Amino acid sequence: MRYRLVVVSPTVREAVRLAGGWLFDRAMSGWDVTILAGEVADPLPARVLGALVVPWDTVPASAEGPDPHAVAVIGNPQDFDDRMRRWVTDYSHRGQETTLWGEAVWVDLPLHAEPGIFRPSRTALLFKAHALNETTGPPAAPSADEPFRAVGPVLRGVTSLQAHRQSGGSRSAVGPGA
């Protein structure tokens, strides 16, 4: 059984920009990564990172079907329609690992959010740079750090999303599915 990560984002570009290194590292460690996007101009940047893109309008209004193991929410809640805000709230209350990426605060999530930083592998940074170049809009250089806030059960292992340096200077993710 493979772990499933569902990412909810207004656009593929925002998902790549804010969490692309993390998405790539998760996909390369065996996770099935799906981005639910409000605007799907081009799915290629997500495919570069190993993710599948599904438009919001094809997603059921309520959280149905098999639960993902983790949910990532990208961006500002005002950029989501009511149906997707409800979907995020439904899943966040089911106890999945939930991470928030971007500066916005989700008041619908009455859970405490703990800040953290994910440091993508060097390979992830290269793929993120390529994915960013494939998005529409002004070119952006990938950041070496991807700040997030952890909500719910992931709080016990915020460091499991972080990377550390091994002897010899290489980076590896710590913890399950990182």
### Task
In nm, give the distance between the simple-model label positions of D32 and D81, each being 7 Å from the Cα along the Cα-to-Cβ direction.
2.4
### Message
Check which residues have an amide H placed less than 5 Å from F118's amide H, if you skip close sequence neighbours.
### Response
E146, F148
#### Entry: Cut-off 20 Å, label 7 Å out along Cα→Cβ of E103, residues of the stretch 1-37 by amide N
9-20
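Rounding to the nearest 20 debye, state how big the charge dipole of the stretch 16-83 is about its Cα centre with +1 on each Lys and Arg Cβ and -1 on each Asp and Glu Cβ.
On the way: 4 positive and 10 negative charges, 59 e Å.
I would put it at about 280 debye.
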### Task
For the stretch 1-81, just say rounded, prolate or oblate: build the C-alpha gyration tensor, square-root its eigenvalues into a ≥ b ≥ c, call rounded for a/c under 1.5, and beyond that prolate if a/b exceeds b/c, oblate if not.
oblate
### Query
Which value in nm describes the separation of the simple spin-label points at D145 and R94, placed 7 Å from the Cα toward the beta carbon?
3.3
### Query
Using a Förster distance of 22 Å, how high is the FRET efficiency between A41 and N133, based on the Cβ-Cβ distance and rounded to 0.05?
0.95
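FYI, it's all coordinate maths here, none of it is from the lab. In this text the structure is predicted, and so the values were computed from the model without any measurement. FYI the Cβ positions are ideal-geometry reconstructions off the backbone, even for glycines, and counts take in every protein chain you see.
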